[in-house]
Amino acid sequence: MIPFDFDAAVIGLGAMGSAALAHLAARGRKVIGFEAFSPAHSLSSSHGDSRIIRLGYFEDPSYVPLLRRAYENWRALERDTGTDVLTITGVLQIGRPDSPIVSGTLASCRAYGLDHQVLDAGAMAQRYPAFALDPDEIAVFEAQGGFVRPEAAVAAHLALGRRHGAALRLATRVTALEPDDAGVTLRLGAERIRVRRVVVATGPWIAELVPALAALATPIRQVVAWYEPKDAAATALGTMPVFLRDAGLVGSFFGFPALDGAGVKVGKHAHFREAIGDPDHPNAPVNEADTALLDDFIARRLPLAAGARRDTATCRYTMLPGEDFLLDQLPGEPNIVVASPCSGHGYKFASVVGEILADLAENGATGWPIDAFSFQQLQGKQPVPAAD
Ligand SMILES: Cc1cc2nc3c(=O)[nH]c(=O)nc-3n(C[C@H](O)[C@H](O)[C@H](O)COP(=O)(O)OP(=O)(O)OC[C@H]3O[C@@H](n4cnc5c(N)ncnc54)[C@H](O)[C@@H]3O)c2cc1C
């Protein structure tokens, strides 16, 4: 038998791959990571200063145990690397009482006994004047909400992996996987590397190495914008929580207090759902329709933040059916572990996803509840529709 060069390879070093690399290396595995560009680059999904983390998960209460572990693992990463990764600001989830965000958050809070407060429009005006609510809207406040710094978290996971002996190959694209009964041969152009297990965490490029996902994983374009606050005190870190806001048929918006002198950041979940063709091509630049959507939102809903628009950025979501995650071994190829946990809400989980991917790569199983994130669960489901 051809000997193995490594116990495991991780392909793609964004949020998920960097975390998997750190966990595998910390367990003493001989591991190598490959990144086609540079970690957290601007065509990936893991850049842009901030990602919301919250416990009361409106999408489904079943995520809460994973979130609890994610918080623990983010704090452990901070301790292990001396990096500032997780900031607690509180989170406001705003909408009408029957909106998915408000009713779903309350369902999660009830199911897991999570501390929260329900604030009506009057209480919000007193406590969080940055936000303009309609009289029939309410907010669910959770003190434990906050944000993760995506670039810092990727760098910290890679530093931890390196400290435990992981090898890194940046600007190196894996072009094909050749599995056999015992392991997997990676092709990098003419070069070949043989490993026992592979974790594929290639974000918007996932279908290139996992063709089974070509019809199911839909990368879409996302846009965010930063605004100069009109009222620095009301929008400051320490005063203004991160937030999600239901917007009825339009969807939902999210945002952050003014961070690091960059202003208040807002975006609309899934934006215009514009499908990205070739992920190697740059995203279409920000246009007037993009900025009009976000300018209108901030003027109406965060008037004290609605000063001049300072900056914009594009990013990518990789959407799966049900806007859910995939964390599983490739059917028929147990030595290939596939990770596509995005659908626009995956970052906060990266610290526990890394642990789960290490479990799957080492043992083919994990004690964490991921049955909902299997290839089997995707069977027969329709891809998330994109606008283009
Ligand atoms: C604007 C925006 C806001 C978001 N907000 C939130 C939020 O508030 N909270 C939250 O929890 N989540 C949020 N998300 C989602 C979250 O950011 C993603 O779930 C997460 O970043 C996905 O990380 P990833 O590692 O799967 O993918 P990526 O970060 O895209 O990493 C994949 C990497 O694989 C590399 N790669 C691809 N192919 C190859 C190859 N063949 N060989 C080697 N390397 C390869 C790529 O270059 C890339 O670096 C948001 C996403 C966006 C875009």
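The values are calculated or read from the model by the stated rules, or taken from the named source; none is laboratory data. Everything quoted here is computed from the prediction, not taken from an experiment. Positions of Cβ are generated from backbone atoms using ideal geometry, with glycine treated the same way; all protein chains shown enter the neighbour counts.
Just one of the numbered conditions (1) in a loop (DSSP other than H, G, I, E, B); (2) aliphatic (A, V, I, L, M); (3) away from the ligand (no atom under 16 Å from the Cβ); (4) modelled with pLDDT of 95 or more is not true of Ala292: (1).
Among the residues of segment 27-42, not a single one is assigned to a helix (DSSP H, G or I) and more than 14 Å from the ligand (Cβ to nearest atom). Looking at segment 43-59, which of the residues that are near the ligand (Cβ under 6 Å from one of its atoms) and in a strand (DSSP E or B) is surrounded by the fewest Cβ atoms within 10 Å (Cβ to Cβ)? Top of the filtered list is Ile52.
Considering each of Ala111, Ala139 in turn, give the residue that is of a type outside the set (S, T, N, Q) and either out of contact with any Phe, Trp or Tyr (no Cβ under 8 Å at 6 or more places or on another chain) or at pLDDT below 95 (or both).
Checking each option against the conditions leaves just Ala111.
Among the residues of segment 195-246, count how many are away from the ligand (no atom under 15 Å from the Cβ), basic (Lys, Arg) and buried (at least 18 other Cβ atoms within 10 Å of the Cβ). The total comes to 2. The sole residue among Asp359, Asp328 that is of a type in the set (D, E, K, R), without any contact (Cβ under 8 Å) to a residue 40 or more places away in the chain and outside the structural domain of Val223 (by TED's automatic domain parsing) is Asp359.
For segment 88-117, which residues satisfy the criterion of being under 21 Å from Ala234 (Cβ atoms) and surrounded by fewer than 21 Cβ atoms within 10 Å (Cβ to Cβ)? The answer is Ile88, Gly90, Gln117.
Within the bounds of segment 18-28, is there any residue that is surrounded by fewer than 18 Cβ atoms within 10 Å (Cβ to Cβ) and modelled with pLDDT of 95 or more? Working first, answer last.
So the first thing to find is which residues in segment 18-28 are surrounded by fewer than 18 Cβ atoms within 10 Å (Cβ to Cβ), and the list is 27-28.
Of the ones still in play, those that are also modelled with pLDDT of 95 or more are 27-28.
Within segment 18-28 (the criterion being surrounded by fewer than 18 Cβ atoms within 10 Å (Cβ to Cβ) and modelled with pLDDT of 95 or more), the answer is yes, since at least one residue qualifies.
Within the bounds of segment 255-265, is there any residue that is in a helix (DSSP H, G or I), of a type outside the set (Lys, Arg), within 11 Å of the ligand (Cβ to nearest atom) and crowded, with 16+ Cβ neighbours inside 10 Å? Within segment 255-265, not a single residue is in a helix (DSSP H, G or I), of a type outside the set (Lys, Arg), within 11 Å of the ligand (Cβ to nearest atom) and crowded, with 16+ Cβ neighbours inside 10 Å. Kindly indicate whether any position in segment 187-194 is out of contact with any Leu (no Cβ under 7 Å at 6 or more places or on another chain) and more than 15 Å from the ligand (Cβ to nearest atom). Looking for residues that are out of contact with any Leu (no Cβ under 7 Å at 6 or more places or on another chain) and more than 15 Å from the ligand (Cβ to nearest atom), one finds at least one in segment 187-194, hence yes. Ser351 meets the conditions (1) under 23 Å from Asp7 (Cα atoms); (2) surrounded by fewer than 24 Cβ atoms within 10 Å (Cβ to Cβ) in every case but one. The failed one is (2).
Exactly one residue among Ala155, Ala167, Ala171 is modelled with pLDDT of 95 or more, on the phi > 0 side of the Ramachandran plot and surrounded by fewer than 24 Cβ atoms within 10 Å (Cβ to Cβ), and that residue is Ala171. Apart from one condition, Phe297 fits all of (1) in a helix (DSSP H, G or I); (2) closer than 30 Å to Gly33 by Cα; (3) within 15 Å of the ligand (Cβ to nearest atom); the exception is (2). For segment 281-288, does any single residue satisfy the condition of being assigned by TED's automatic domain parsing to the domain that holds Glu137, free of Cβ contacts under 8 Å to residues at least 12 places away in the same chain and of a type in the set (Gly, Ala, Ser)? No, that holds for no residue.
Close contacts from segment 113-130, counting a first residue that is more than 21 Å from Tyr63 (Cβ to Cβ) and a second that is of a type in the set (S, T, N, Q), with Cβ to Cβ under 7 Å and a gap of 6+ residues or different chains, come to Ala130/Thr235.
So that you can scan it fast, the table gives a plain yes or no per residue for (1) assigned by TED's automatic domain parsing to the domain that holds Ala201; (2) crowded, with 19+ Cβ neighbours inside 10 Å; (3) under 30 Å from Ala125 (Cα atoms):
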| site | (1), (2), (3) |
| --- | --- |
| Leu13 | yes, yes, no |
| Ile32 | yes, yes, no |
| His41 | yes, no, no |
| Pro61 | no, no, yes |
| Thr81 | no, yes, no |
| Leu86 | no, yes, yes |
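Only one entry in Arg310, Arg316 is farther than 26 Å from Leu55 by Cα and either in contact (Cβ under 8 Å) with a residue 24 or more places away in the chain or hydrophobic (A, V, I, L, M, F, W, C) (or both), namely Arg310. Counting only strands (runs of 3 or more DSSP E) that sit completely within segment 120-187, those holding 3 or more residues that are in contact with a helix residue (DSSP H, G or I) (Cβ under 7 Å, 6 or more places away or on another chain) correspond to 138-142.
Which ones in segment 25-80 are in contact with a strand residue (DSSP E or B) (Cβ under 8 Å, 6 or more places away or on another chain) and on the phi > 0 side of the Ramachandran plot?
Of everything in segment 25-80, those that are in contact with a strand residue (DSSP E or B) (Cβ under 8 Å, 6 or more places away or on another chain) and on the phi > 0 side of the Ramachandran plot turn out to be Gly48, Asp49.
Among the residues of segment 138-177, write down those that are away from the ligand (no atom under 14 Å from the Cβ) and of a type in the set (Asp, Glu). Of everything in segment 138-177, just one residue is away from the ligand (no atom under 14 Å from the Cβ) and of a type in the set (Asp, Glu), namely Glu142.
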